[in-house]
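For reference, the structure is listed below as structure tokens.
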Amino acid sequence: MLATPPRLIGSSLASQSPTILVIDPLDASRESLRILLEDDGHRVLVARLASEGMDILDRTPVDLIVVDMLLRDGVVRTSAAASGPAIEPS
């Protein structure tokens, strides 16, 4: 963990806590990630299904999307809303 989080000029990250959308079908995984990220100062939105995540993206801008690998294809296909760069798993 970084001692001081980076500031991105021109981003919502520069003035407030980043908003992270977590999309995962498992309740325990969603809740664990939510708790860890909120404890680190992030604003966290959660969705169980890719379609719920897309609904959230229609209403709320986010800085990062964390997606369960099993849902990844559904999110990538339907998410023209994610205008930033994607980080592909290796």
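Where a number appears in this text, it was derived from the coordinates with a stated rule and is not lab data. Note that the structure is predicted; figures quoted are calculated from it, not measured. Using ideal geometry, Cβ is built from the backbone for each residue, glycine included, and neighbour counts are taken over all protein chains shown.
So the values come out like this:
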read-out	value
Subset of region 28-63 that is small (Gly, Ala, Ser) and surrounded by 18 or more Cβ atoms within 10 Å (Cβ to Cβ) - its residue that is farthest from PRO18 (Cα to Cα)	ALA50
Tabulated pairs, region 42-56, first more than 15 Å from ARG30 (Cβ to Cβ), second crowded, with 20+ Cβ neighbours inside 10 Å, C-beta under 6 angstrom, 6+ apart or interchain	none
